[in-house]
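The block underneath contains the structure these notes are about, expressed in structure tokens.
The values are calculated or read from the model by the stated rules, or taken from the named source; none is laboratory data. Just so it is clear, the model here is predicted, and its values are computed rather than measured. When we count neighbours, we look across all protein chains shown, and the Cβ atoms used for this are built from the backbone with ideal geometry, even at glycine.
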Amino acid sequence: MDASAPNLILDLARVSAADLPDVGGKAANLGELIAAGFDVPPGFCVTTEAYRLAVRGTPVESGREADAGAARAAIMAAPVPAAVADAVREAYAQLGAGPVAVRSSATAEDLPGASFAGQQDTYLGIDGIDEVLDAVHRCWASLWTDRAVAYRAAQDIPGAGVALAVVVQRMVDAASAGVLFTADPVTGRRRQAVIDAAHGLGDAVVSGAVDPDQVVIDTRSSRILDRRPGGPGDGGPVLTDAEARALAALGDRVERHFGAPQDIEWAIDAGGHLWLTQSRPITTLYPVPVRDAPRRGDETRVYFCITLAQGLHRPITPLGIAAFRIVGAGGLDLIGRRPPRIVDGPGGFAIGGDRIFLDATPIVRSAFGREIFPRALQVMETRSAVVLRGLFDDPRFSVLPGSRRRFAVPALRLALRIRLPLLAVQAVASPPAAHRRLRRLADDIRTRSIPAGDIPSRVDATVDLLFHATPLAPRSLPGAAVGFGMLGLAGRLLGDAVRPGDLQAVLRSVPDNVTTEMDLDLWRIAVRTRTDAESAAALRDLSARDLADRYLGGGLPAGLQHEMARFLELYGHRAVAEIDLGMPRWADDPAHLFGVLSGYVRLDPDAESPEQHFAEGARDARAMMNELIGRARRRSRLRAAAVSFCLRRARALIGIREMPKFLVVIALRTARTAMLGIGAELAEAGRIETADDIAFLDFDDAKRAAAGEDLRAVVAERRARYDAELRRRHVPRVLLSDGTELEALASHGETDEPGTLRGTPASAGAVTARARVILDPVGAQLEPGEILVAPSTDPGWTPLFLTAGGLVMEMGGANSHGAVVAREYGIPAVVGVARATEAIRTGDEVTVDGAGGVVSITAGAEVTTPA
């Protein structure tokens, strides 16, 4: 190629990943393939410098995206600069002229978090310099198609930072061509090649213009697992078995080179030679969790997402993951299996996509684990229980001999360590005594603090605090467990006399739930604030951010300042994603609370209040109890007395359910305060940028920084990865170590009535209303009566429940956090609805049947079906 225009044209053979800003993702990947010795059609790249030269002086130069059509028109109206035309003309001649492929290559394309596949234009069979220049021109304009602009917006990529290069390659005279995925894009299974092939050029496969042949191959063994013929053709397969195996092996080599599964375009010419025309990462695959302890051999493992089961859909900060490890170590200590280093946590933890997974293989392969674990999940995360039970017939996960004893002994040891028999008897005999004991536990953890000292000693004290706070959770659980046991026993005593939804109705508005009490306390602040003109005006006129900043500075109207100070004294340790130590507490940043309060103040004061609704729920629950006792009395007075005792104990104890997390979160606030202080010192010393950056270090990192290591680059890399994970819409409940998402495998090919979604009944009742899809509650607005559609919820979400008309949640079971709170507020709820946030859009009119576990799009409304 001509060296006189080095900034405008680059030979693909000279391009590498380091040139991405100049050549875009497609060209960079092709250059890497050439350098690695793969067969790629020769060609050149018209660099981003040429694009910038072409748009100079147009509105596009500034990156304005308000009108994509105007941007395209401006580019097409501007002539191809003479220097660019001359450089392309010479490069095309040196390539040998003739038919070429002209492909867009954007600087934001084929990145780890965004493939941009199909967003910009490609032109095949372009012959002659005039056609080549025209195709290059049209590729530039395609950077501003409506779909490309929308995709960038969805990926949070600013238009001002994006430019376009263009790849020009010699055309392959293809006898067959298509697409190869080196991992199954539907199930996620790695080392399973999925090949789509058609006769002729591959663009027909990519565009969907033809129904291609499909071949699925296990790349480890080269065994063809499946072969499906495509649409009408000559009757023969597009690829021979040998060609398919060669393609799979080639794809495996490409994946190993790039270090990640690839989406590859290929072509086979008339002479049988195989060419690679493109390779990009498959960005839709969920990362395979990486275990803290090494796996034995190639044994397939089962990973269960424990943070998702806790209602946390978003990723966990590195500091939050570090805290989870310590809590896990504390749990192991309770059963006599304390790890050598507390900060390392359990060896069965695995991290994937900045979420925490548990290696559940020993549970699945244990007779005792199969009995207990799915039953526990049935009430907190029903769909996960269904998925795990689907593994029980898989020979890879057969029960191991002696497994029952290996699980039973630690379970017995745990029961004795937390005094389970004594606490259970206490709860049955005297629920008030059980509540008093929990209040003492809360008072005790509140009084704990981190002593002064140097950074390493404070880090060690923080680790010690979290480690010794861990037993609080199991020690506070027996009361609630007894309550649920009593409810189940009442159901058995009633037998056929109990109908679906009856026992759920008994749990409406149960007392002594700390989360419910918190929500109602916040509502009462709004009620009292309405009578204070200055405070009410502040909530109506100021943004949540301004209100929070004024509160932290002591500048709110006196009434509102006092009310929020009192509330945060009680609940300031709570937050959205509160089990993540790296997340700000409400005491640190109460903006979310002020946003909710502003919404409450705007409600019609004459409408039924949540307090009234809660009181009605309690009356309805008592009425249902009396109804059930009456049904039992028809059989015998003794049975009626037993049912009455069980139901009353259930209502008195089930509110304790929220206490285990509540107590641990109190300890997390103390730990966070200590770590923020350490972060401030490290920032002042220049080891990190800001005090908040401590959230992207773990406890060992903090000590390294205290010893003098500059960790600013480490923080930047982790923060970028975390920000990318925040945009992830789907997190799998259960994954295999080969990348297979079991739920996708189970649901592949399933059908249901159009517009109907099924889940777990969580709170009885039916409601039809407008849906509001909310992925993050911070700053979210939920209009009164709207149906809240969410991936999962934790206590930080529950202030929104007070005005919701119904709840649909992707995660959860009948006794998960969201289900419990929904019942207490008397709003219909269905949980465990797979991909609900994709199937339902804000504004859809939906019907929630909380007793039947069905969510349906109302007739006449537009239906969105997830792919």
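For region 558-585, the candidate set comprises residues that are crowded, with 22+ Cβ neighbours inside 10 Å and free of Cβ contacts under 8 Å to residues at least 40 places away in the same chain; within that set, the residue that is nearest to Ile445 (Cα to Cα) is Met564. Just so you know, in region 677-696 the residues that are of a type in the set (A, V, I, L, M) and in contact (Cβ under 8 Å) with a residue 60 or more places away in the chain include one that is surrounded by the most Cβ atoms within 10 Å (Cβ to Cβ), and it is Ile694.
The strands (runs of 3 or more DSSP E) found entirely in region 235-347 that carry 3 or more residues being in contact with a strand residue (DSSP E or B) (Cβ under 9 Å, 6 or more places away or on another chain) and closer than 30 Å to Ala415 by Cβ are 302-305. Name the residues in region 528-545 that are part of a helix (DSSP H, G or I), surrounded by 15 or more Cβ atoms within 10 Å (Cβ to Cβ) and not small (Gly, Ala, Ser), would you? Across region 528-545, the qualifying residues are Thr529, Leu539. Taking Ala632 as the residue in question, decide whether it is out of contact with any helix residue (DSSP H, G or I) (no Cβ under 8 Å at 6 or more places or on another chain) and among the aliphatic types (A, V, I, L, M). Against the criterion (out of contact with any helix residue (DSSP H, G or I) (no Cβ under 8 Å at 6 or more places or on another chain) and among the aliphatic types (A, V, I, L, M)), Ala632 does not qualify.
Suppose we filter region 408-419 for residues that are under 16 Å from Phe373 (Cα atoms) and in contact (Cβ under 8 Å) with a residue 40 or more places away in the chain; how many remain? Going through region 408-419 one residue at a time, the tally reaches 4.
I'm trying to understand the selection: among the residues of region 442-467, which are outside any helix (DSSP H, G or I) and either among the hydrophobic types (A, V, I, L, M, F, W, C) or under 29 Å from the mean Cα position of the chain (by Cα) (or both)? Break it down stepwise before answering.
Taking region 442-467 first, the residues outside any helix (DSSP H, G or I) are 447-454.
Across region 442-467, the qualifying residues are Ile450, Ala452.
Restricting the first member to region 529-552 and to residues that are within 16 Å of Gln781 (Cβ to Cβ), and the second to residues that are of a type outside the set (S, T, N, Q) and assigned to a helix (DSSP H, G or I), the beta-carbon pairs closer than 6 Å and six or more apart or on different chains are Leu539/Leu597; Leu539/Val601; Ala544/Ala591; Ala544/Phe594; Ala544/Gly595; Arg545/Ala591; Leu547/Phe594. Taken residue by residue, region 711-720 has at least one member that is without any contact (Cβ under 8 Å) to a residue 40 or more places away in the chain, part of a helix (DSSP H, G or I) and buried (at least 20 other Cβ atoms within 10 Å of the Cβ). Here Phe392, Phe349, Phe357, Phe373 are screened, and the one residue that is buried (at least 19 other Cβ atoms within 10 Å of the Cβ), under 22 Å from Ala744 (Cα atoms), at pLDDT 90 or above and of a type in the set (Phe, Trp, Tyr) is Phe357. Scan region 786-796 residue by residue and report those that are touching a Gly at 6+ places or on another chain (Cβ under 8 Å) and either polar (S, T, N, Q) or more than 12 Å from Arg314 (Cβ to Cβ) (or both). Within region 786-796, Glu786, Ile787, Leu788, Ser792, Thr793 qualify.
Could you list, in sequence order, all residues of region 193-212 that are touching a Leu at 6+ places or on another chain (Cβ under 7 Å) and modelled with pLDDT of 90 or more? Can you show your working first?
Keep residues of region 193-212 that are touching a Leu at 6+ places or on another chain (Cβ under 7 Å), which gives 193, 195, 197, 201, 203.
Of everything in region 193-212, those that are touching a Leu at 6+ places or on another chain (Cβ under 7 Å) and modelled with pLDDT of 90 or more turn out to be Ala193, Ile195, Ala197.
Cβ-Cβ contacts under 9 Å between residues 6 or more apart (or on different chains), taken from a first residue in region 395-407 that is under 11 Å from Arg370 (Cα atoms) to a second residue that is modelled with pLDDT under 90 and of a type in the set (A, V, I, L, M), are listed as Val399/Ala367; Ser403/Ala367; Arg404/Ala367; Phe407/Ala367; Phe407/Ile372. Within region 468-516, the set of residues being within 29 Å of the chain's Cα centre (by Cα) and not in a helix (DSSP H, G or I) comprises Thr470, Pro471, Leu477, Asn513. Kindly evaluate Val820 against the criterion of being touching a helix residue (DSSP H, G or I) at 6+ places or on another chain (Cβ under 8 Å), crowded, with 24+ Cβ neighbours inside 10 Å and touching a residue at least 60 places away in the same chain (Cβ under 8 Å). When the stated conditions are applied, Val820 passes them. Scanning region 602-614 turns up no residue that is surrounded by 20 or more Cβ atoms within 10 Å (Cβ to Cβ) and at positive phi.
For the structure I just gave you, tell me whether Val596 is within 20 Å of Ile827 (Cβ to Cβ), buried (at least 18 other Cβ atoms within 10 Å of the Cβ) and of a type in the set (Val, Ile, Thr). Yes. Considering region 91-141, and only residues there that are modelled with pLDDT of 90 or more and aromatic (Phe, Trp, Tyr), the residue that is surrounded by the most Cβ atoms within 10 Å (Cβ to Cβ) turns out to be Trp140. Within region 593-640, the residues that satisfy the criterion of being modelled with pLDDT under 90 and in a loop (DSSP other than H, G, I, E, B) are Arg602, Leu603, Asp604, Pro605, Asp606, Ala607, Glu608, Ser609. Checking Ala293, Ala270 one by one, the residue that is over 29 Å from the mean Cα position of the chain (by Cα), surrounded by fewer than 23 Cβ atoms within 10 Å (Cβ to Cβ) and at pLDDT below 95 is Ala270 and no other. Is it the case that Ala526 is touching a residue at least 60 places away in the same chain (Cβ under 8 Å) and over 30 Å from Ala415 (Cα atoms)? Yes, satisfied.
Just one of the listed residues (Thr793, Thr798) is among the β-branched types (Val, Ile, Thr), buried (at least 22 other Cβ atoms within 10 Å of the Cβ) and within 20 Å of Ala834 (Cα to Cα), and it is Thr793.
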